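Working notes, beginning with the structure itself.
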Amino acid sequence: MFKLGPRHLAALGVVALAPAAAHHSYVMFNQNVTTNVDAVVSTWQFTNPHGKLWIYIYDASGKPQLWALEAPGPAQLLQHGWDKYTVKPGEKMKISFHPLRNGSHGGSLVEIILPDGRQFDTGASPGGSGNGGRGGFGTSANPAGK
């Protein structure tokens, strides 16, 4: 019979905690600012551990700026009505997100409104409309993302 010694238990503990340590918090996103934009979808990645929505936001001169928005993973998105076909490349939509604190072109996706009027909340962040009503559409309009 095989007995687990202290070294074995310590190794198991490290292995069990590794996924939690690898995951990050939402601190890189400014939860106090919600940016609402009209955008065009470049790519939608419905993947673990996070979904990723790549969008084009047009600046004042009409030049497209590529932005990357992080979303929850598929398990959480499915609970909010999303699937891998919810968002399609080339589709125009209204998007609400918490921008990155460092000013880079990225953020945490809060919700979208599709051209047919359907609205999808991620339920991911404390500012999301499905999680306390702070954030989302109607709270702030800032197409420049700053």
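Tabulated values for the structure
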{"quantity": "Residue 60 vs. criteria more than 18 Å from residue 28 (Cβ to Cβ) and either modelled with pLDDT under 95 or of a type in the set (Gly, Ala, Ser) (or both)", "calculated": "yes"}
{"quantity": "Test: residue in the range 56-67 that is surrounded by 15 or more Cβ atoms within 10 Å (Cβ to Cβ), in contact (Cβ under 8 Å) with a residue 24 or more places away in the chain and within 15 Å of residue 39 (Cα to Cα)", "calculated": "yes"}
{"quantity": "Criterion: at pLDDT below 50, surrounded by 17 or more Cβ atoms within 10 Å (Cβ to Cβ), touching a strand residue (DSSP E or B) at 6+ places or on another chain (Cβ under 7 Å) and of a type outside the set (Ser, Thr, Tyr) - qualifying residue of 107, 135, 145", "calculated": "145"}
{"quantity": "Complete set of residues in the range 68-104 that are buried (at least 23 other Cβ atoms within 10 Å of the Cβ), of a type in the set (Gly, Ala, Ser) and farther than 18 Å from residue 28 by Cβ", "calculated": "none"}
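The values are calculated or read from the model by the stated rules, or taken from the named source; none is laboratory data. The model shown is predicted, which means the values in this text are computed figures rather than measured ones. Methodologically, a virtual Cβ is constructed for each residue, glycine included, from the backbone with ideal geometry; neighbour enumeration extends over all protein chains shown.
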